[in-house]
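What follows draws every value from the coordinates through simple rules; no lab data is involved. The shown structure was predicted, so the numbers you read here are calculated from the model rather than taken from an experiment. We place every Cβ from the backbone using ideal geometry, glycine too, and count neighbours over all the protein chains shown.
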Amino acid sequence: MWKTVKTAALLLIVCLLTQFQAYAQIDLSYEKAPIKEVLTSIEKQSHYKFIYQNTTFDGKDRITIRVRNATIHQVLDSLKKQFPFSITYLIEENMITVVRITPVAEPKPKPPPPPQIVYLRGAVMDEQEEPLYGATVYVKRLPLSVATNIDGKFSLPNVKPGDTVVFTNIGYEMQELVADATMKLTAKLVAKVNSLTDVSITSGIHREERRRSTGAFAVVDGKAINRGTAANIVDRLEGVTPSLLVNRNITGGLNQSELSIRGRSTISAEPRPLIVLDNFPYNGALSSINPNDIEKITVLRDAAAAAIWGAYSGNGVLVITTKKGKYNQAPRVSFSSTLISGDKPDPYYLPALSSRSAIEIEQFFYDKNFYSLFESNGTRPVLSPVIELLIAKREGKISSDAADAELERLKNADYRKDVDDLLMQRAFYQQYAVNVRGGGVNNHYYLSAGYDDQKQNFINTGYKRITVNASNTILFLKKRLEVNTNILFSSSRTKKDVSGVFGVSYPYASLLDSNGNPAVMPAEIRQTYKDTAGRGRLLDWNYRPLEEARLNDSKLDLNSYRMDIALRYKIIAGLYGSIMYQYNKDVGEDNDLRSQESYFTRNLINKYTQVSSAGEVVRPIPLGGIFDSRRSTSTSHNLRLKTEFSKAWNDHELSVVAGADIRSVDMKFNYSRLYGYNKESQSSMPVDYEGFYPMYHTSSQTNRIPPAATIPTGYEKSNFMSMYGNFLYTYKRNYNFSFSLRKDESNLFGVETNQKGVPLWAAGASWNASNESFYNIDWLPELKLRVSSGYTGNIDRRTSAFTAAAKDGTNLYGSPTASILNPPNPSLRWEKIYMFNIGVDFTFKGSRIYGSLDFYRRKAKDLIGVTPVDPTSGVESFKWNSSSMKGKGVDVQLNFKVLNGKLGWTSSIIASYNLDKVDKYLDKGNMISTYLGGQTIAPLQGNPLYSIYAVRWKGLDSVNGDPVGYLNGQLSKDYPQIVNSANFGDLLFKGSATPKYYGSFINTFSYRGFELSCMFTYKFGYSFRRSSIVYYQLLLNQTLAHPDYDLRWEKAGDEKSTNVPSFQYPINFNRDLFYNYSEVLVEKGDHIRLKDIRFSYLFSLSKKKEQKNNAEVFCLINNIGLVWKANKYEIDPDFLYSQPIPRIYSLGVKMEL
């Protein structure tokens, strides 16, 4: 670590010493040479540039001069004497203005003093207050023009008050200002919306103009971010930028990410893109970031763009830049308020068997004496109300007529209606945000606060968040030192959804009894036993779902703190040194308080209660609540030393960034459980976790009192050290070349890897073809070509170079036990992802059409994968850099200005194509069943990582409704052999489980201040497996079957209208597996969705045009729904395992004062 610090410090000192180059010595030896040739030689030997009018020097003028090791002042004095006419000059920073003095007609006894030259001085900047190099400045009445220097400054002679000064630059709108008596002007140029140089690019480490970029970047500006109203930034990113895919179908065990950039390039390592927040990696929850504080988001997609982040950028990078103030800006106040109302989720969306069919199944199993074993089981497992009713009828406790009447009533009941009426509610959200920003000559500031309050769809749940963001920047030492400080705080509380359903739920159950009170539902233990157990010595053992929902006291608290300070010092013109430090801490507390009134607590206390023969009650679990707390803390320290050098001379522009990062991340977690907890006094009672206690409801069973977790505490420390550099060279403002280099070291890597010192690199080039003198394509005025190649990386925090083991707890003898997760591996290294990208940016005539097109190929190697080893080594497999993947894709963004008058119409098409394949994976399964389940990652070479596999389907047997398949190419009903076949020719690849084609289509119509826009999103080229009946599950729970049961084969001829096999008893488990893994259940996921419709009105709040006080009133309808889908079922492919997000209605106002 300190070696890196010393190296970076030495680099900074060397850069400081380079300022003495400002006093470089000059050698000249010319005999009757053209004056312009001599001046050019001086420019090459120094960092000065001459400014003069074309008429200052005659092409016939010659000069003789010989100097050696002279300073610039000595050279100029010598030149002044050698000129054949009188001149005067002015030195200002790195510019020398030369003016010819015209002799007067009448001789004077003494030569008059040289005329005083009046200079107009100033600077040209972009909208982000960044200097613009090479901008042209001229006065309309004069033939003289000058270009701004690397700091955006200029000096223009012979300007008079009242002159009109014109400022122009490629990619920016022209601006005209009038010079006043102060002779100082500052111009802020506005980027052309459709220009190839319209925005600057921020990587999180360095910043560059888009005209000079060589990488594949995408910038999401504030307007696109604020199109939506979601409190989470992820929801606002969907459909607004190419290559970014939002995944709603995330399941455990598959190492998935909600966000992906250009598909998949890892198997078991970190799947998420790197999030960079204001220059440093961000490990906290994205929900802690208030979207209203975000200025823009830059998506780094290829190696040239992302390689500067090295071993953390293999999945792409999202660079989030928060809002800041600006120099010389009057105080501005922004305020926004939004009210949001959401529909209830559809309780009928997820497939559920009807009450009538569920009762029919239970009666069938009852007639087969299936429940007789449950009745005699000493553990007293729960039986459904229908079975208890049939038993009571059998035992004469209820008449047949009464039982039949009750069964008929239950057949017409629907649990989902009660859920909709009593447990669900319309959501209601409130959002408020306010910020103040501004600045003076030597400082700028930004202060914001946000508040979100959400009442969510499930009763007694909600979400609240408070965010505060403050930044301040001050200039010292005559504006050579810039000091920036920033503080961000976020605190949120989620009152979690605990539906209160334990164990079994019944489609015919009611949440209210006949008296309108919370109804009792059987759960875990037979209700007939609970009704008589304890004879008053136990706590109420009844479970009432509605009551549980109302008692919910489960909260998730997230607190995020971020503080940073940055010092940036201007050493000489174009050379800066900076040091940055950031402290970040995220604390999460997941607390579940289950009071003594809750079923969870009452049930646990009763189970462990001991009652002696004398009637004495002993409770190993004391009365009171049970408080579970899961606390996690992540603390990171980031230090960066960096130097930046920029220089422009003649036709050359050079930018170099070099630096070092040191990063330390500490992660801790702690699980605890308190018994006998009192919320008011926060007291608890001790319990014996080691002893074994007989269960009250079954004396044959003894258990320990359950702790909070098997592993109560954990700690992880990760250290990272990095050195990097970025080189960017531009020739004639047309040809750009970039090169990035980064070396990462970490305690996660093996010793051998850290010692090798092989860095990741990327190179790129771009050509601004439309700037060429020979370019004359009138219908395509702007054209830029890009190409890049290089490596990024990825790490797996769960795999260590050292021996990793997990504590399993204690055995029956009280001794601790552990399992080896991974043996030592000193060669463990980061994953390497190579990407080649070629792209083009273009603008058609009149800016009617503009956009970009990118093609890329990717090769990921050294991927962490399960690798088989010789079992005699003590382990059968371990995770090692033994796998690889490859991929390819296309990103397209097209923008159209269909109408550009009072009635405006713009359209945007975003289209992405991505296909990834596993190229190498050594741990191949022996049977095709390995790839049919879809519950764990099962890579198969030649196919996408997430693929849908199936077995061939012939149809149903017309005799008995059996499903018929194929084994080794022949028709077969040998289900165990089909499913567990070792012949991979019997395994069908049915497509990727993730979309290959995705994007959006946005239309915006405007008239005066009114604007109407709508967004369509689409996903094509993927498949999913729909759920269906699994008869074997009926043995476990007869009431939670799939409604496909009602579509089953029942008689000959049904096979022509259904694919659902017949119900047979006894149930064949492998028959069920074959049907559910067959191709008949695979569906296309292709769909088009109308994501939102937004209507707004923007109007001015001030009468004076120069005042920019305005307000916007808007309404938004979000999550409108599907407009087309490929599958014929009522299945939304984005929500296979959960209810779709309900439709949301927003009404808001934004003001800028």
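Here are the numbers:
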| item | result |
| --- | --- |
| The range 1130-1145 residues near the modelled residue 1046 label - backbone nitrogen below 19 Å, point 7 Å along Cα→Cβ | 1130-1132 |
| Those aspartates and glutamates that a straight Cα-Cα span of less than 17 Å connects to residue 1128, excepting residues fewer than 8 apart in one chain | 1044, 1079, 1083, 1086 |
| Size of electric dipole in the range 200-337: Cβ of Lys, Arg +1 and of Asp, Glu -1, about Cα centre, debye, nearest 20 | 380 |
| Listed residues 182, 169, 124: farthest to the positive end of the dipole of the range 118-191 (Cβ charges) | 182 |
| Pairwise label distance in nanometres, residue 668 with residue 1100, each label 7 Å out on the Cα-Cβ vector | 5.8 |
| FRET efficiency, residue 618 to residue 1130 (Cβ-Cβ, R0 56 Å, nearest 0.05) | 0.55 |
| Relative contact order of the range 200-337, defined on C-alpha pairs under 8 angstrom at six or more residues apart (%) | 30 |
| Only Lys, Arg (+1) and Asp, Glu (-1) charged, at Cβ; the chain dipole about Cα centre in debye | 4140 |
| Angstrom value of the Kirkwood radius, inverse mean 1/r, which spans all Cα pairs in the range 192-338 | 16.4 |
| Between the range 546-608 and the range 774-795, the alpha-carbon center distance in angstrom | 43 |
| Residue-span extension gain [residue 772 to residue 174] - 0.36 nm each, minus C-alpha spacing | 213.2 nm |
| Sorted by Cβ neighbour density within 10 Å, fewest at the top, the residues 277, 1012 | 1012, 277 |
| Estimated 222 nm signal from helices in the chain, with DSSP H stretches of n ≥ 4 weighted -39500 (n - 2.57), rounded to 500 | -3000 deg cm²/dmol |
| Dipole magnitude of the range 665-750, debye to nearest 20 (Cβ charges: Lys/Arg +1, Asp/Glu -1, about Cα centre) | 620 |
| Rg and Dmax [Cα atoms of the range 956-1153; Å; Rg one decimal, Dmax integer] | 25.9, 86 |
| Extension gain, residue 160 back to residue 941 (0.36 nm per residue minus Cα-Cα distance, nm) | 273.7 nm |
| Percentage, to the nearest whole number, of Cα pairs in the chain over 55 Å apart | 31 |
| Under 17 Å from the residue 147 label point (7 Å along Cα→beta-carbon), backbone N, the range 566-606 | 574 |
| Extended-chain gain in nm, criterion 0.36 nm per residue less alpha-carbon gap, residue 585 and residue 1010 | 148.7 nm |
| Euclidean distance of C-alpha centroids, the range 966-993 and the range 1082-1153, integer Å | 45 |
| Sites residue 957 and residue 441, calculated FRET efficiency, Cβ-Cβ separation with R0 60 Å, nearest 0.05 | 0.10 |
| Spin-label pair residue 272/residue 924, simplified geometry with 7 Å Cα→Cβ offset, distance in nm | 3.5 |
| Coil-residue chymotrypsin sites (Phe, Trp or Tyr not before Pro) of the range 669-745, DSSP, other Cβ within 10 Å capped at 16 | 689, 692 |
| Distance between the range 201-248 and the range 267-342 - C-alpha centres, whole angstrom | 8 |
| Value of relative contact order over the range 956-1153, rounded to a whole percent, pairs C-alpha under 8 Å and six or more apart | 21 |
| Among the listed pairs 642/743; 81/647; 920/996; 223/888; 570/732, those beyond 23 Å (Cα-Cα) | 81/647; 223/888; 570/732 |
| Among 543, 558, 473 - extreme Cα towards positive end, dipole of the chain, charges at beta-carbon | 473 |
| Residues in the range 551-575 reached by a label modelled at residue 477 [backbone nitrogen below 20 Å; 7 Å Cα→Cβ] | 565-575 |
| Residue 184 versus residue 537: modelled label distance in nm, points set 7 Å from Cα along the beta carbon direction | 9.2 |
| The chain - percent relative contact order, Cα under 8 Å, separation 6 or more | 9 |
| Lysines with Cα under 21 Å of residue 495, excluding same-chain neighbours fewer than 8 positions away | 344, 455, 464, 555, 679 |
| Unit charges at the beta carbon, dipole of the chain: most positive-side option, 146, 692, 311 | 146 |
| Efficiency of FRET from Cβ geometry, residue 1137 and residue 529, R₀ 41 Å, rounded to 0.05 | 0.75 |
